[in-house]
Amino acid sequence: MIRLDQVSKRYAPAVVAAVRNVSLTVEAGEAYGLVGESGSGKTTIGRMLLALEVPSSGRVLFRGEEVSSLRGGRLREYRRHVQAVFQDPYEALSPRQRVEKIVGEPLSVHRLCGASARARRVAELLRSVGLPEEAAARFPHQFSGGQRQRIAIARALALEPDFLVLDEPVSALDVSIQSQVINLLRDLRSERRLGYLFISHNLAVVAYLCDRIGVMYAGCLVEEGWREDVLCQPQHPYTRELLDALPGSGRLLAVPGPTLAPPAAVGCPFRHRCPYMMEICCTMEPRIRPSGAGHRVACHLYEEAS
Amino acid sequence: MLQVRDLQVAFGRGPALVRVLNGVSLSLRSGELCGLVGESGSGKTVLALSILRLLPQDAAIRGSIRLGGEDLLTASAARLRALRGAVVSMILQDPMTALNPLLTVECQVGEPLTYHCGLRGHLRREQVVALLEKVRLPGARQLLHAYPHQLSGGTRQRVAAAAAIAGGARLLIADEPTTALDASTQADFVRLLHRLARETGMAVLFISHDLHLVLELVKRVVVLYAGHILEDGPAADALRSPKHPYTQALAACVPTLERRGERLPTVGGTPADPARLLPGCPFAPRCPEVAPACSMMPPLVEAETGHSVRCWLRLARR
């Protein structure tokens, strides 16, 4: 349903590209998790998918149509299919609008229903995200962070999209509230057959929601595969580093920890942090290539093997 | 070295009075790594700020806070200035707001050296370089003239850590120091705290809402909820045999790789709002095991040696 074909994004000629030659596909109804540190380009990919940014090269396709070429009515139609939920529910909701207006606005913009039908629909949406109907009459500041994120999800669902871009939707929430929102996203997905692009820096959160996982480093997709393969048989040294960094294993202090050097400009961007660095990594950047069923990795360690 | 006894902190007055801490007692030995876990609104930051006496003027504080035998609540402003940075210091959540954007790294890390140790010029610079190396910042000398905006989040937090330990503090309060950081950077910062504590022998109070993260670092964990300590015990028990239903829920609801793909257990409801607390156990409205007795506040009782819990059910079972 969604296909990125050799997509790059460079914000200015002088600076390093935010996204470099990323190709990936997300099938209808599939949940794809994109993990990586801040600055790895995962948010930029989400924004290109939402037609908020235009790729510098390559194509972003939705059902075979190039997203950046959509204009006017076609773009509006596209937005009915693809909606977004962002990290900070304090900034994503207008403080001056009542919840009824916030959640109902997409319906008004798309002229989908009249005033009374809209009120009914808003109540229905609020119920589906676990909020009482009375919430409609209140303002965002009267809700906690978790409830605000539910409001943002209700708004994203208003147009009955097929696909949601979820950019760190639980990172700003308390752990006890995170689990509620993660469960809600799971339930909504199975009820509505939604596809997700779930962006997060936390592999464990992604593991709860996603069928496939892509790992980004320095603008590149460095590993991709089915959840079980990526988590149980990680290939790229960066993926292993991310797994070691997860709290809860009790091993955090046992692992020596990487030197957090910035990405290298020449050769493999990860090489300064990589415990397995070889000579070839200093001169040649590895390209992502298949290594196992549905698994791809960009690392010289796996090139001889394949 | 730190003894907090029956600390009560409230803001406002009359009907608008909000009690944020309701009789918190906590002690830390020197060199001890202690975790303080709580959700937003639990009072964990207010507790940290009370220890540093940085609460706003209108806060009503009762109880006692002693640091190395000295009463902080009666200490003069001049004495507090001498203590902050030299005996107790703090790392905050957001290194971007903790660091002054107009000062170079050398100035920020050097300030406590001048204030507490009288170091200047060349000597101070060398000491700053030594501190930056101590927090494992590569290329310490090149960093001296850098401004905070030129640094990554992880580097900024390390600079903040270098400034916090510059005065030789014996107690470091780290308030959600990794919440703004990525997974790898977060893990790395926790490793750094561990090493600093071991090398310098300072005590660390590590504050976070993430129980699993806290348990990676500390030996003892205190669970705070709506200004009450609900549980205080060995970190190893907090995951394996948590006693309070709230700790049990916190231990269960964090996503871990082992239980991937399953439905997550949740803590129902929303975190307690200190402005709207009912009498009785503060966790009762969200507690899966709530009983009639919970309409009265249970006492914090030592259930096992070195392990206290505030819950009627756990008392009855004893």
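Since every read-out is calculated from the coordinates, none of them should be taken as a lab result. Source: prediction; values computed, not measured. Methodologically, a virtual Cβ is constructed for each residue, glycine included, from the backbone with ideal geometry; neighbour enumeration extends over all protein chains shown.
Things to note:
- Shape category assigned to the stretch B:101-151 from the gyration tensor of Cα positions, a/c cut at 1.5: oblate
- Kirkwood radius, the stretch B:176-255, all distinct C-alpha pairs, inverse of mean reciprocal distance: 13.4 Å.
- The alpha-carbon of residue B:243 sits under 14 angstrom from the alpha-carbons of these aspartates and glutamates, leaving out residues fewer than 8 places away in its chain: B:231, B:232, B:289, B:302, B:304.
- Volume in Å³ per residue [convex hull over Cα atoms, computed for the stretch B:174-318]: 136 Å³
- Free of any GluC sites (Glu not before Pro) that DSSP assigns to a loop and that have at most 16 other C-beta atoms within 10 Å, the longest stretch within chain B is B:1-261.
- Normalised by the number of residues in chain B, the mean separation of alpha-carbon contacts (under 8 Å, six or more apart) gives a relative contact order of 21 percent.
- Chain B - share of DSSP beta bridges that are antiparallel (%, nearest 5): 60 percent
- What the phi angles of the stretch B:98-110 give under the Karplus curve with 6.51, -1.76 and 1.60, with θ = phi - 60°, is a coupling list of 6, 8, 7, x, 9, 10, 6, 4, 4, 5, 5, 6, x Hz, glycine and proline written as x.
- For peptide B:202-211, the mean count of partner chain Cβ atoms within 10 Å of a residue's Cβ comes to 2.
- Contact order, relative form, for the stretch A:43-137: 18 percent (alpha carbon pairs under 8 Å, 6 or more residues apart, mean separation divided by residue count).
- Scattering profile of the stretch B:1-138 at q = 0.10, 0.16, 0.20 Å⁻¹ [log10 I(q)/I(0), Debye over alpha-carbon scatterers]: -0.43, -1.00, -1.30
- Site pair residue A:25 and residue A:160 shows an inter-label distance of 2.7 nm when each label is modelled 7 Å from Cα along Cα→Cβ.
- In the stretch B:186-292, the trypsin sites (Lys or Arg not before Pro) that fall in loop regions by DSSP, at most 12 other Cβ within 10 Å: B:219, B:263
- Taking every DSSP helix (H) stretch of at least 4 residues in the protein assembly as shown, weighting each as -39,500 (n - 2.57) and dividing the sum by the residue count yields a mean residue ellipticity at 222 nm of -9500 deg cm²/dmol.
- Take every DSSP beta bridge whose two residues both sit in the protein assembly as shown; close to 55 percent of them are antiparallel.
- Dipole orientation for the stretch A:223-306: of the candidates A:242, A:276, A:291, A:242 has the Cα lying most toward the positive pole (charges on Cβ; Lys, Arg +1; Asp, Glu -1).
- Lysines whose Cα lies under 24 Å from that of residue A:9, excluding same-chain neighbours fewer than 8 positions away: A:42
- Both numbers refer to the Cα atoms of the protein assembly as shown; Rg and Dmax are 25.6, 75 Å.
- Note on chain A: with a GNM built from Cα contacts shorter than 10 Å, the maximum mean-square fluctuation among A:282, A:268, A:232 falls on A:232.
- Annotation: amide H of residue A:219 within the under-5 Å range of A:41, sequence separation 5 or more or interchain, hydrogens built in the peptide plane.
- Chain A, relative contact order in percent, only Cα pairs under 8 angstrom and at least six apart counted: 20 percent
- Share antiparallel - DSSP beta bridges, chain A, percent rounded to 5: 55 percent
- Taking every residue in B:267-276 and counting other chain Cβ atoms within 10 Å of its Cβ, the average works out to 3.
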